[in-house]
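These notes are about the structure you will find just below.
A short reminder: the numbers here are calculations on the coordinates, not readings from a lab. What you see is a predicted model; the values in this text were computed from it and never measured.
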Amino acid sequence: MVEHKRLISKYYKDDGGIAKVFQNTEGRADGEHSFYSISYYNPTGTLITKEEFRNNSLSYVEDAAENWTQGIKIL
């Protein structure tokens, strides 16, 4: 399986944390599949965690990233 990631957007917390939204494409025997993910980083740039959103729209995923930066979404 071939995987590609493309950075779509970044969201910043006041403390320096960053949420990066990616479009991920997987190549499989039955064709290509695309989904979105978020990688969350602390203020020093260390990865905290990742989330995959295989059945959600880009606007939904970007809202989740923004909600984290505003303290609404807790990891």
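Listed values, structure above:
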{"quantity": "Highest-fluctuation residue, Asp15, Asp30, Asp63 considered, GNM on the chain with Cα pairs under 10 Å", "calculated": "Asp30"}
{"quantity": "Lysine pairs in the chain with Cα atoms under 15 Å, if 8 or more residues apart or on separate chains", "calculated": "8"}
{"quantity": "Tail beyond 16 Å, pair distance distribution of the stretch 2-69 (Cα, percent)", "calculated": "46 percent"}
{"quantity": "Degrees, to the nearest 10: 58-69 long Cα axis against longest axis of the chain", "calculated": "30 degrees"}
